[in-house]
Each structure stands twice: as structure tokens, then as C-alpha cells.
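Student: Starting off with a structure, shown below.
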Amino acid sequence: MAGFGTLLAGHVPACIVILVGYGLLIAEMYMPGFGVAGISGTALVIGGIALMQPTAAQALLLVVISVVILGAALFFAMRSLKKGRLNRTGVVLNDELDAGETRDLSALEGMMGTAHTAMRPSGIAMLGGEKVNAVSDGDFIPAGARVRVERVDGKRVVVRESK
């Protein structure tokens with residue numbers, strides 16, 4: 001397809017519009033929701049292809065190239081979320097607890113345990129062999145530190161580092 005190279009070379013501004021659209025779509029892959037970046041990126045890619053006024057075969061080739069580029073970007077975005085640097089930081093809690101927990105937590109008062117995650121000030125503590133959502137008494141508590149339950153206010157378990 002010798003005409004495809006000529007199409008790209010003759011429409012540099014349209015190529016730039018498409019590249020900016022790809023950038024916005026890739027940025028949207030790392031941000032939750034379908035927002036302004038995703039809508040703008042989609043519009044820019046479609047608008048850039050339309051500005052080139054390609055033949056049907058060239059338009060199909062541009063769409064296939066777009067799908068391949070965005071598919072590869074989506075693969076790397078999903079891989080990054082599962083195995084990347086963001087997943088290994090202490091900012092993202094990978095442990096899930098039952099959000100609808102309704103049991104009486106007052107029996108935990110005075111109990112000793114360990115901080116399962118860092119508490120900044122909230123996190124997860126291992127108390128009596130169970131993971132419990134907990135809040136530090138104001139101080140940062142690193143993961144693995146010994147903690148003692150100071151008080152229980154309804155569902156709120158307040159812990160303090162035990163030295």
C-alpha cells in the first residue's frame with residue numbers, strides 16, 4: 001500500500017491529532033471511569049482519521065492500527081495494575097475485608113495483635129487470628145508492628161503501637 005505512506009506524510013497535522021488522541025486514551029486507561037480524557041481522545045482519533053480523508057481501504061487500515069495500538073496499551077495498563085509498581089506500594093491495600101461486618105467488636109478491647117498493613121492512620125490489624133479494619137490513635141504504625149486495641153467505638157477499632 002504505497003498510498004498509505006503518502007497519506008500519512010501529506011497529513012502531518014491530522015497525524016498529530018491522532019497521536020494526541022492516543023495519548024488521552026492511554027491516560028484514561030490509568031484513571032478510573034470514562035471521563036473527559038477518554039471522550040476527548042476518542043473524538044480526536046476519529047476526527048484525525050476523518051481529516052485525512054482516506055480511501056475505504058486506508059481508513060480500514062488506520063482503524064486496525066488504532067485497535068492494535070490501543071489493545072497493546074490496554075494490555076500493559078492491566079498488567080501494570082496487577083504486577084506493576086502501583087500494586088507494590090503501601091498506598092494500595094490489596095486485602096479485602098467484609099464491608100458489611102455487623103458482629104460485636106467490643107470483645108477486642110485490650111487485645112494484642114499485629115498491624116497487617118501500615119496504618120496511616122487506618123489499615124488492617126490481625127487480632128485473634130482475624131483481619132480487622134482498625135485506626136491508629138493518631139500515630140503512623142508500620143506493617144508488622146505489635147498493636148494493642150485501646151477502645152472500640154461501634155465498628156471503629158482504635159489501636160496503639162505496643163512497644
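Student: Please compute the length gained on full extension between Ala56 and Ala72, using 0.36 nm multiplied by the number of residues separating them and subtracting their Cα-Cα distance. Display every interim value, and only then the final one.
Tutor: Values: separation 16, 0.36 × 16 = 5.76 nm, distance 2.44 nm.
Full extension of this stretch gives 3.3 nm more.
Student: With a 10 Å radius around each residue's Cβ, average the other Cβ atoms per peptide and rank 35-46, 117-128, 51-62, highest first. All intermediate terms of the calculation are to be shown ahead of the outcome.
Tutor: Numbers: 35-46: 16.1, 117-128: 18.4, 51-62: 14.5.
Highest to lowest by the protection proxy: 117-128, 35-46, 51-62.
Student: What net charge is computed for the residues neighbouring Arg120, neighbours being all others with C-beta under 14 Å from the C-beta of Arg120, Lys and Arg scored +1, Asp and Glu -1?
Tutor: That sum, taken over residues with Cβ under 14 Å, equals -3.
Student: Related question: If the chain between Ile65 and Arg151 were fully stretched, how many nm would it gain, using 0.36 nm times the residue separation less the Cα-Cα distance? Working shown, then result.
Tutor: Details: separation 86, 0.36 × 86 = 30.96 nm, distance 5.95 nm.
Length gained between Ile65 and Arg151: 25.0 nm.
Student: Under 26 Å from the Cα of Lys82, which lysines turn up, not counting those fewer than eight places away in the same chain?
Tutor: Straight-distance partners of Lys82: Lys131.
Student: State the extension gain, in nm to one decimal, for the chain segment bounded by Met126 and Ser40, taking 0.36 nm per residue of separation less the distance between their alpha-carbons. Don't skip to the answer; put the middle values down first.
Tutor: Values: separation 86, 0.36 × 86 = 30.96 nm, distance 4.55 nm.
Roughly 26.4 nm would be gained on extension.
Computed from the coordinates by the stated procedures, all read-outs in this text should not be read as laboratory data. Note that this is a predicted model, so its numbers are computed, not measured. With ideal geometry, Cβ positions are generated from the backbone for all residues, glycine too; neighbour counts draw on all protein chains shown.
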